[in-house]
1. So, in the range 278-326, of the ones that are in a loop (DSSP other than H, G, I, E, B) and out of contact with any strand residue (DSSP E or B) (no Cβ under 7 Å at 6 or more places or on another chain), which residue ends up least open to solvent (accessible area, probe 1.4 Å)?
2. From (1) open to solvent by less than 20 Å² (accessible area, probe 1.4 Å); (2) touching a Gly at 6+ places or on another chain (Cβ under 6 Å), pick out the condition that doesn't hold for His185.
3. Any idea which residue in the range 260-274 is surrounded by the most Cβ atoms within 10 Å (Cβ to Cβ), counting only those that are among the hydroxyl-bearing types (Ser, Thr, Tyr) and touching a helix residue (DSSP H, G or I) at 6+ places or on another chain (Cβ under 7 Å)?
4. Within the range 154-181, which residues are open to solvent by 20 Å² or more (accessible area, probe 1.4 Å) and farther than 17 Å from Asp197 by Cα?
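The values are calculated or read from the model by the stated rules, or taken from the named source; none is laboratory data. The structure displayed is predicted, hence computed values, not measured ones. Here the Cβ positions follow ideal geometry from the backbone for every residue, glycine too, while neighbour counts run over all protein chains shown. Keep in mind that these areas ignore ligands, DNA and RNA; they rest on the heavy atoms of the full protein, side chains included. Shrake-Rupley method; radii C 1.70, N 1.55, O 1.52, S 1.80 Å.
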Amino acid sequence: MQNLAAQLEYLHSHRASGWIEALRGAGPKRRAEFVAWLKESPRNVHELLLMLAVDRALEQVDANCVQDIESLLAQVDQQIVSLPPVAQREVNPPTRAHPWRWCGLAASVLAISVIAWEFLSPSGAHGSAGSWKEYQTAKSEQRAFELEDGTVIHLNTDSRVAVRFSKQSRLVRLLAGEALFKVHHDANRPFRVSTTDAVIQDVGTEFNVYSRADATVIAVLEGRVNVTSQEHSALPLPAASPDALLASAALAPSASTASRTLSVNQEAQVSHSGSITVHTLSDASDAVAWQQRRLVFRQQTLQHIIEEFNRYSQRKIRLEGTAVMHLRFTGVFDADDPDSLVQVLARESDLAVEKSEHGFVIRSR
């Protein structure tokens with residue numbers, strides 16, 4: 001058994017080393033075979049990484065190629081002899097197929113690392129051979145895209161997503177801005193949306209995701225979603241049923257660093273630190289009012305309100321003073337009419353509104 005284990009160990013290592021050689025200058029077909037080999041077993045990934053680490057270390061042995069390996073081998077003690085072959089050995093010993101010189105090894109290691117990274121990185125962890133396809137909108141533009149599975153993505157102003165589908169999964173990266181997802185459910189291919197803060201997995205639903213400067217905000221309009229912070233995205237989702245998770249959730253806002261399951265009219269905010277705060281919305285349609293070019297604010301800070309208006313207009317509103325930023329307002333506005341907000345603020349006795357070259361300045365009197 002020990003001999004068999006040793007032979008298998010050698011076989012995995014030999015194949016990993018062979019791929020490092022084979023992929024030098026390999027074409028798309030050979031690279032696809034490499035990815036298929038990686039997917040056969042986690043052991044293959046382990047051995048490849050081990051061989052890459054060994055190669056990087058050996059690269060430093062004689063970086064300038066000043067040593068001649070033949071002369072070094074000639075100095076080996078002649079009393080050292082080879083061991084006799086093991087009976088019924090099925091694996092041939094390694095052959096010396098190329099000179100033992102390490103010049104240019106850095107370039108080959110880099111090439112292999114790039115190929116391996118494409119497969120091993122979070123974006124490629126599901127083994128998709130397809131490429132990412134991007135969709136985006138300009139400032140003040142909104143567009144809708146239907147994906148190959150029937151899912152529809154509505155992009156808000158100045159937003160960008162990247163999409164990649166495979167036989168095992170459907171992956172979307174929200175790279176900037178905000179998007180509403182109307183997902184076509186497929187139990188065999190999970191639909192996941194990722195931002196810098198969170199990973200959202202669909203459970204047959206309609207949900208909105210907004211990647212803000214300070215956090216990611218997810219609102220559910222239909223069905224359910226599982227939300228996990230990026231810090232914990234490698235962990236499995238909770239084993240409890242969605243109904244049990246929802247029953248245990250309080251109506252008041254709560255914070256957690258674990259995965260959460262959201263249902264209709266619930267909103268989660270995932271911070272950069274990984275905490276998840278969940279609360280119940282009085283009307284989930286407020287979160288997607290942007291589809292009608294409306295902005296709905298319910299006791300929101302003036303800083304947040306100004307940031308939202310500035311997403312849609314070339315004419316910017318600027319706040320001066322921290323006290324002004326924390327004032328709170330409620331109202332419904334036309335996203336394309338910043339003047340309507342300025343008129344409301346001008347009626348506030350403790351605020352001063354001034355025109356500037358590129359828009360307006362709001363400050364305390």
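1. Only one residue tops the list, namely Ser313.
2. (1)
3. By that ranking, first place goes to Thr261.
4. His154, Asp158, Phe165, Lys167, Gln168 - these are the residues of the range 154-181 that are open to solvent by 20 Å² or more (accessible area, probe 1.4 Å) and farther than 17 Å from Asp197 by Cα.
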